[in-house]
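The values are calculated or read from the model by the stated rules, or taken from the named source; none is laboratory data. Fair warning: this is a prediction, and the values are worked out from it, not measured in the lab. A quick note on method: Cβ atoms are made from the backbone with ideal geometry, for glycine too, and the neighbour counts reach across all protein chains shown.
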Amino acid sequence: MLAQVSDERMVAIPEEIGRRLGIEPGDRLDWTLVEGSDAVLVRRVTDRGALARRLCGLGKNLAPDRDLATEIDAEHEREDQDRLRSLGA
């Protein structure tokens with residue numbers, strides 16, 4: 001499937017791919033260059049904050065004085081930033 005890059009370097013995700021992968025507005029995509037080629041690997045990144053809140057809600061009685069979902073989300077955000085820095089972005 002082909003998609004055209006706009007003047008702002010934006011790309012529309014082909015409808016079938018977006019539907020099959022469940023990509024919604026606001027979702028995050030991770031773009032990785034494939035070494036030695038002109039290919040790019042793009043993957044949908046799960047909203048870890050929402051996932052963390054759902055999972056931590058199951059165990060909120062274990063740490064009632066802490067917001068574990070926010071702590072986990074912040075930790076993952078730091079990991080993402082570290083990864084971007086290591087890639088030179």
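Per-structure values
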read-out	value
Residues of segment 31-51 classified as surrounded by fewer than 11 Cβ atoms within 10 Å (Cβ to Cβ) and of a type in the set (A, V, I, L, M), total	4
Residue match in segment 82-89 (condition: of a type outside the set (D, E), modelled with pLDDT of 90 or more and surrounded by 10 or more Cβ atoms within 10 Å (Cβ to Cβ))	no
Subset of segment 3-30 [loosely packed, with under 10 Cβ neighbours inside 10 Å, assigned to a loop (DSSP other than H, G, I, E, B) and without any contact (Cβ under 8 Å) to a residue 12 or more places away in the chain]	Q4, S6, D7, E8, R9, M10, E24, P25, G26
